[in-house]
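Working notes, structure below.
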Amino acid sequence: MEDALRQLRERLAQIRNLSKAAAVLSWDQKTYMPVGGTRARAEQLTTLSRISHTWFTAPETGELLRAAAEEVRALPYDGDDASLVRVTQRDYDRATRLPVSLVAAMTRHRALAQEVWVKARQSNDFATFAPCLEQAVEDNRQVADHFGYEEHPYDALLDQFEPGMKTGEVTTIFRDLRQDLVPLAQALAGRSDRVNDSVLHQPFDEVQQERFARTVVAALGYDFNRGRLDRTVHPFATSFSRNDVRITTRYQPNFLSAALFGTMHESGHGMYEQGVAAPLDDTPLGRGASSMVHESQSRLWENVVGRGRPFWQHFYPHLQETFPAQLDGVDLDTFYRAINRIQPSHIRVEADEVTYSLHIMIRFELELDLIEGNLAVQDAPAAWGLKMQEYLGIVPPTDTLGILQDTHWASGMFGYFPTYALGNILSLQLFEIALAERPSIPEEISRGEFTGLHGWLTEKVYRHGRKFRPQELVERVTGSTLHAGPYVSYLRHKFGEIYGL
Ligand code: ZN
């Protein structure tokens, strides 16, 4: 290996070690740490992130990148070395563009806003949170100015989570999708008496819930020799290396779906991280390509597989054996319909497959208006209500059930929300190609056999890590750009059948 590239790799591995050590501390904070540890843990995390940021943005990193770029110039674009230099140069350009003073101010604002938001949400008091939201909007405008953009300041914000994606592309995709989803959601809401999900709302022993969830995700391909499942309040997945990828879940004693589908969701994130090729592991390429691609995997395993009929043809008898008192008299069809009940609701994280993306569009449109200055923060709750009425046909009775429900804006994150809906869209685009190339997948799933699909995804998506920009990856795998066609026809077909449309 050439000298600058070798030195660059060593430097990046050190920086990665620091950020992965921080990830362990953060995982511990959300799973096992006693509440008394909060202040000390915040200090530890701040120190580690300051050191790794300083090392990464130092002029030495820039010099090594320049020299390494010369060394890899003749190497293939999709090779490990050329990709490493290309992607790291991008990260470096971004990281060095924000002034340290702005980063520090935003960290302070975020910490303050988080506390204010928790209380405002509890007491349904948007007015006390409004100044924090104003600050977050102002901070994000500044971030956009420092990052730079050609067409829209929101491009710069979106780019943090979805490298290369443009606001105009999201607007077009969402506009088309909305035209299909709104009438579909309305038609299904008009037939809500056709599906009853009371079978899911019974007492389910938590130990048994956990045992069953473990069996399921191990069967899907989540490797417990390189991972673990723990309890938390807000479930997440995190990776310390491809050989140590952790997932978390929460159990509701009177509702089966939360832990069951939540664990499948996180196992999708986990399998992606476990599937990154070994040589990328200690480099900045050793993780998922973007928020959208990550979410496409969690959604694919949770919904396309986990809420599909073939999956339950295999697993339902096992579930009945696990919970005989609750499920003995319930046939497969009743259960399948129950887990696929569509119902417009206020809370995004509890939304079903059809209405979920509509929740996202509302947040995306409000973010755009706020960043553009077309919407004053004080008018945002009313705008939220109007859009809920228009897209979902319901208006939140309180701000707690409306604009105060999500933590993203309190965390200063603008540009993240769209990636959830884009992930839904991509999950079906990928699944459609997987089926075309391996038509036996549904039949395999109905036998509890997942290596065909898991192997296909590993080959096409997982092993590449962050080598390619998300849309580059989509085109390499599917041969086309991101589009909602497969997602819409999947929803129409699946729910048309369940609801007799
Ligand atoms: Zn997710």
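The values are calculated or read from the model by the stated rules, or taken from the named source; none is laboratory data. Source: prediction; values computed, not measured. Don't worry about glycine lacking a Cβ; one is built from the backbone with ideal geometry, like all the others, and counts go over all protein chains shown. Side chains are part of the model used for accessible areas, which takes the heavy atoms of the whole protein and leaves out ligands, DNA and RNA. Shrake-Rupley method; radii C 1.70, N 1.55, O 1.52, S 1.80 Å.
Observations on the structure shown:
- Relative to the Cα centre, the charge distribution of the chain, modelled as +1 at Lys and Arg Cβ and -1 at Asp and Glu Cβ, gives a dipole magnitude of about 700 debye.
- As a calculated quantity, the FRET efficiency between Asp145 and Arg228 at R0 = 51 Å, using C-beta atoms, amounts to about 0.75.
- Cα centroid separation, the range 243-257 to the range 112-173: 29 Å.
- Legend: calculated FRET efficiency, Met33 to Ser192, from the Cβ-Cβ distance at R0 = 41 Å, rounded to 0.05, equals 0.45.
- Carbon and sulfur %, accessible surface of the range 302-371 computed with the full protein complex present, 1.4 Å: 46 percent
- For the range 447-492, the square roots a ≥ b ≥ c of the C-alpha gyration tensor eigenvalues yield an a/c of 1.5 or more together with a/b not exceeding b/c, which makes the shape oblate.
- Shape category assigned to the range 269-396 from the gyration tensor of Cα positions, a/c cut at 1.5: oblate
- The distance linking the range 46-73 with the range 341-375 is 38 Å (Cα centroid to Cα centroid, whole angstrom).
- About the centre of its Cα atoms, the range 41-189 shows a dipole size close to 560 debye [charges on the beta carbon of Lys, Arg (+1) and Asp, Glu (-1) only; nearest 20 debye].
- In order through the range 325-337: 3J(HN,Hα) via Karplus (6.51 cos²θ - 1.76 cosθ + 1.60), integer Hz, x for Gly, Pro: 5, 8, 10, 4, x, 9, 7, 4, 5, 4, 5, 4, 5
- Backbone phi angles across the range 70-79, fed through the Karplus curve with coefficients 6.51, -1.76 and 1.60 (θ = phi - 60°), yield HN-Hα couplings of 4, 5, 9, 4, 8, 7, x, 3, 8, x Hz in residue order; Gly and Pro are listed as x.
- Estimated from helical segments only, the mean residue ellipticity of the chain at 222 nm is -20500 deg cm²/dmol, where each DSSP H run of four or more residues counts as -39500 (n - 2.57).
- Alpha-carbon centroid distance for the pair the range 182-235 / the range 400-452, whole angstrom: 15 Å
- Remark: the Ile394-Glu134 segment gains 90.9 nm on full extension, using 0.36 nm per residue and subtracting the alpha carbon distance.
- HN-Hα J in Hz across the range 49-57 - Karplus 6.51, -1.76, 1.60, θ = phi - 60°, x for Gly and Pro: 6, 5, 5, 5, 5, 4, 4, 5, 8
- At 1.002 mPa s and 20 °C, Stokes diffusion of the range 401-470 via Kirkwood alpha-carbon radius, µm² per second: 144 µm²/s
- Excluding ligands, DNA and RNA, the accessible surface per residue across the chain is 43 Å² with a 1.4 Å probe.
- Taking a ≥ b ≥ c as the square roots of the eigenvalues of the Cα gyration tensor, an a/c ratio of 1.5 or more together with a/b no larger than b/c marks the range 1-156 as oblate.
- Taking label points 7 Å from Cα along the Cα-to-Cβ direction, Ser446 and His318 give a separation of 1.8 nm.
- Cross-link partners of Lys30 among lysines (Cα-Cα below 17 Å; sequence separation of 8 or more within a chain): Lys20
- As a ratio to 2.2 N^0.38 Å, the alpha-carbon radius of gyration computed for the range 107-187 takes the value 1.44.
- Length gained when the stretch Ala42-Ala74 is fully extended (0.36 nm per residue, less Cα-Cα span): 7.1 nm
- Surface share of carbon and sulfur [accessible, 1.4 angstrom probe, percent] for the range 116-216: 47 percent
- Extension gain for Lys119-Arg6 works out to 35.7 nm (0.36 nm per residue, less the C-alpha to C-alpha distance).
- Spin-label model, Phe236/Ala21: points 7 Å from Cα along the beta carbon direction are separated by 2.0 nm.
- Near the amide H of Phe236, within less than 5 Å, lie the amide hydrogens of Thr248, all on another chain or at least 5 residues away, with H placed in the peptide plane.
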